Structure formats: structure tokens, C-alpha cells
Amino acid sequence: MTKFWLFSIAMFSICLNQVNNPSPKLSLNDVCTDYNSLNTKVRDGLISKKEALKRIQELMPLIRKYYYEHGGRDYPKTTCTFPLQNYDHKAIGGTKGEGYFASGYDFFDGNKHGGHPAHDIFINDKNQDCLDDKTKKPVNVLSMTDGIVVAAASSWDTSSNLRGGKYIYIYQPSTNSFFYYAHNSEILVHLCDIVKPGQVIAQVGRSGLNAYKKRSPTHLHFMQLKLDSLGYPRPFNPYKDLLTTISK
Ligand SMILES: [Zn+2]
């Protein structure tokens, strides 16, 4: 009897322990790597919405802690910078920002999401070589806000069906928002980098399933997601804020 019961009690304890501690131990140093892995799973449809939301709830307080402990600070709104160097709001697609529609979008649908809760910001690039037609140089993507790089993909090739291509997510603690910069040609920041408003983070490109196609003029896809009280990333239209940014 004793061996069997001791074994049973031991197994029961292990199971109970796993129920109480279902997530791996979180370390402050790895928070961005952890978030990036989560973001990749969401992107690729490899995690349930419920589990992903739970992980966001666990990770975001740690990311905020990391940010302020590593020199991150909240800049005033007047420092917000237009995301393309040498361009301004006139480069935003559609009349008065009408290219933005949030209906049908759910962050947790990943690469298969509907809607377009974003603004496409176009550069002058008739021959689609990713160089500005006037300057013959790449166009810098600037961080609109302060924040921390929590997810990024620095490689993409034409066989990939990823829509964002080479992308960056920057989390801004003061607005509890993610800022997403997609279709870049080069990513110039790393995970966990703390950035300031106006900092160069990438170069405009044509990476991504549809952005690569000839029918698509070269542009930056720019999206803001605000986390609600449960940590659910919801689309937020940054059009008005883009209009009051400073141009560099
Ligand atoms: Zn777009």
C-alpha cells in the first residue's frame, strides 16, 4: 500500500503545483524576448486568445518596470515626431486619413487579421527601388514616440506570406500603447532598445506579402494599439496625433 500511495501523493502534488504555476518563471532581463516570442506565436496563430491575453497581462507590468529602471522616461506630447524623415502628414494615404478602418480587426487573429486600423504613409518612389526619387537615398523611419522595442522581425523574403514584412513594435508606457511600423527594408533597432521621439528605427521598404507587389506604392504601414483595462490591444486611430507631430 505505502509505495503506491506515496507515489500517488507525489504525482498529485506535482499536478497541483503545475496548476498553481502554469507559466514559466519570468525574468526582468528577458521580458522583451518573452514578449517577442509571444507576439510571434500570436502572429502565426500558435496560441489561443485566452492564453495570449494572460501572457500579456503578466508581461506588460514587467516591461514597464524594465523601461523606467533602464532610463526610459515619458516625453511630452509636443515631442511626437512624424514617422518619416523629410515628410509630413501630407504623405498619409487617403483624404483626411480615410485609409484607416478598424472594423474586423482583432490583434489576436495575427497574420490573418481583417480590417486596416492603420495609416499607410507613402514616399516618392516611382521606380520602386525604396529610394526617395529626389534625394536618391533611403527614407528613415522615425519613432513617433518614446518607448521600448518589444517585438521585431529583421528578416523577410519573398517566399514568406507574412504581411508585415520586416516590422517593429514599440511599446509606450505613458499611453499604454503599441506602435507598429511595417514593410521596412532595414530594421535599425534591437529588442529591448529604449527609444526617444524622432529616433531613427528603420528604413522604408517594400517587405511583406502585399507591400512587395508591384501594385503597391512604397510606404510605411503605421498602426497604434492601446491596451484596455484587461490588457487587450485595441486599435486606436492616431490620425489627429499625426497631424500635430513635428517633422524632422
Ligand atoms: Zn497598410
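The values are calculated or read from the model by the stated rules, or taken from the named source; none is laboratory data. What you see is a predicted model, and the numbers here were worked out from it, not measured in a lab. Neighbour counts run over all protein chains shown; Cβ positions are idealised from the backbone, glycine included. What goes into the accessible areas is simple: the full protein's heavy atoms, side chains included, and nothing from ligands, DNA or RNA. Shrake-Rupley method; radii C 1.70, N 1.55, O 1.52, S 1.80 Å.
Pairing residues of the range 40-51 that are modelled with pLDDT of 95 or more with residues that are in a loop (DSSP other than H, G, I, E, B), at Cβ distances under 7 Å and at least 6 apart in sequence or on separate chains, gives LYS41/ILE47.
In the range 110-126, what residues are aliphatic (A, V, I, L, M) and over 28 Å from LEU46 (Cβ atoms)? Within the range 110-126, ILE121, ILE123 qualify.
Return a yes/no flag: does the range 56-71 have any residue that is at pLDDT 95 or above and under 30 Å from ASP125 (Cβ atoms). No: zero hits. For the range 177-190, the condition of being among the charged types (D, E, K, R) and either within 16 Å of the ligand (Cβ to nearest atom) or touching a residue at least 60 places away in the same chain (Cβ under 8 Å) (or both) holds for none of the residues. For the range 65-107, a residue qualifies if it is among the hydrophobic types (A, V, I, L, M, F, W, C), free of Cβ contacts under 8 Å to residues at least 40 places away in the same chain and within 22 Å of VAL141 (Cα to Cα), and exactly one does: ALA91. Of the residues that make up the range 150-159, is at least one within 16 Å of the ligand (Cβ to nearest atom), open to solvent by less than 20 Å² (accessible area, probe 1.4 Å) and either in a strand (DSSP E or B) or closer than 15 Å to ILE121 by Cα (or both)? No, the range 150-159 contains no residue that is within 16 Å of the ligand (Cβ to nearest atom), open to solvent by less than 20 Å² (accessible area, probe 1.4 Å) and either in a strand (DSSP E or B) or closer than 15 Å to ILE121 by Cα (or both).
Within the range 115-128, residues that are under 13 Å from GLU98 (Cα atoms) and touching a residue at least 40 places away in the same chain (Cβ under 8 Å) reach partners that are surrounded by 17 or more Cβ atoms within 10 Å (Cβ to Cβ) and of a type in the set (Val, Ile, Thr) with beta carbons closer than 8 Å, at six or more positions or on different chains, in the pairs HIS119/ILE92; ASP120/ILE92; ILE121/ILE92.
Of all residues in the range 226-248, those that are more than 14 Å from PHE107 (Cα to Cα) have Cβ atoms under 6 Å from Cβ atoms of residues that are open to solvent by 50 Å² or more (accessible area, probe 1.4 Å) and outside any loop (DSSP other than H, G, I, E, B), 6 or more apart or on another chain, in LEU242/HIS89; LEU243/HIS89. Restricting TYR167, TYR181 to those that are surrounded by 23 or more Cβ atoms within 10 Å (Cβ to Cβ) and either acidic (Asp, Glu) or closer than 22 Å to ILE246 by Cα (or both) reduces the list to TYR181.
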